[in-house]
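The values are calculated or read from the model by the stated rules, or taken from the named source; none is laboratory data. What you are looking at is a predicted structure, and each value in this text was computed from that prediction instead of being measured. All Cβ positions, glycine included, derive from the backbone under ideal geometry; neighbour counts span all protein chains shown.
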Amino acid sequence: ELTLAQRALVGRIARNLAADFARAVSQIVGIELQTVSFHAIPHGEPLPGPSSDGLQVEVEFQGVVGHPKAILALSAESLEAAAREHTGEPQAPGDPRMAEALVDVSVNVVAELGRTTLGLRRILRLQPGEILRLPTATDDPVPIRVGGLLKLEGSPVISRGQLSVEVRGRSGRGAK
């Protein structure tokens with residue numbers, strides 16, 4: 001539990017981080033942001049995540065005990081507005097510069113061919129050339145996650161000599 005002085009220090013740091021972030025967005029994108037609120041998350045409480053369709057970026061800092069993190073979460077509405085502008089669909093109300101900036105945001109995309117569990121003894125004995133069998137059939141759909149969230153399904157293919165995944169459609173579980 002933090003003392004009153006420690007809480008005040010953390011509050012000042014959080015305000016400065018928010019001001020620095022707003023200043024960077026203003027310089028890079030030209031959009032003026034204002035800090036509306038911030039709150040501390042007590043030790044032991046789970047970190048909030050984005051909505052099921054949002055995007056979350058976590059920044060972990062080194063050099064400080066406890067692995068401190070800063071979290072930036074973007075709502076699905078912001079991301080959808082950027083996608084609409086990119087595809088030419090009608091623009092939702094809001095600052096078009098933010099949508100333009102979001103189109104260039106890189107997100108982690110993972111196509112998972114399968115998972116298996118091995119004992120440590122088996123892992124230590126693995127040799128080059130051995131084959132790991134996955135519980136996935138060659139015609140099973142491959143889940144494609146965007147920013148850690150299941151969004152698409154695909155099929156494994158070979159393209160230009162590389163293992164690739166052909167997108168077959170949106171995932172039936174909450175993708176928009």
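Give the residues of region 135-176 that are in contact with a Gly (Cβ under 7 Å, 6 or more places away or on another chain), in a loop (DSSP other than H, G, I, E, B) and exposed (fewer than 14 other Cβ atoms within 10 Å of the Cβ), sorted by residue number. PRO135 - this is the single residue of region 135-176 that is in contact with a Gly (Cβ under 7 Å, 6 or more places away or on another chain), in a loop (DSSP other than H, G, I, E, B) and exposed (fewer than 14 other Cβ atoms within 10 Å of the Cβ). Test ALA111 against the stated conditions and say whether it is surrounded by 10 or more Cβ atoms within 10 Å (Cβ to Cβ), in contact with a helix residue (DSSP H, G or I) (Cβ under 7 Å, 6 or more places away or on another chain), among the small types (Gly, Ala, Ser) and within 23 Å of GLU58 (Cβ to Cβ). Against the criterion (surrounded by 10 or more Cβ atoms within 10 Å (Cβ to Cβ), in contact with a helix residue (DSSP H, G or I) (Cβ under 7 Å, 6 or more places away or on another chain), among the small types (Gly, Ala, Ser) and within 23 Å of GLU58 (Cβ to Cβ)), ALA111 does not qualify.
Out of all the residues in region 108-134, which are closer than 26 Å to LYS151 by Cα and assigned to a loop (DSSP other than H, G, I, E, B)? Spell out how you get there, then give the answer.
Restricting attention to region 108-134, the residues satisfying the condition of being closer than 26 Å to LYS151 by Cα are 108-117, 133-134.
Across region 108-134, the qualifying residues are ASN108, GLU112, LEU113, GLY114, ARG115, THR116, THR117, ARG133, LEU134.
Annotation for region 115-131: no member residue is modelled with pLDDT under 85, of a type in the set (S, T, N, Q) and farther than 25 Å from GLU58 by Cα.
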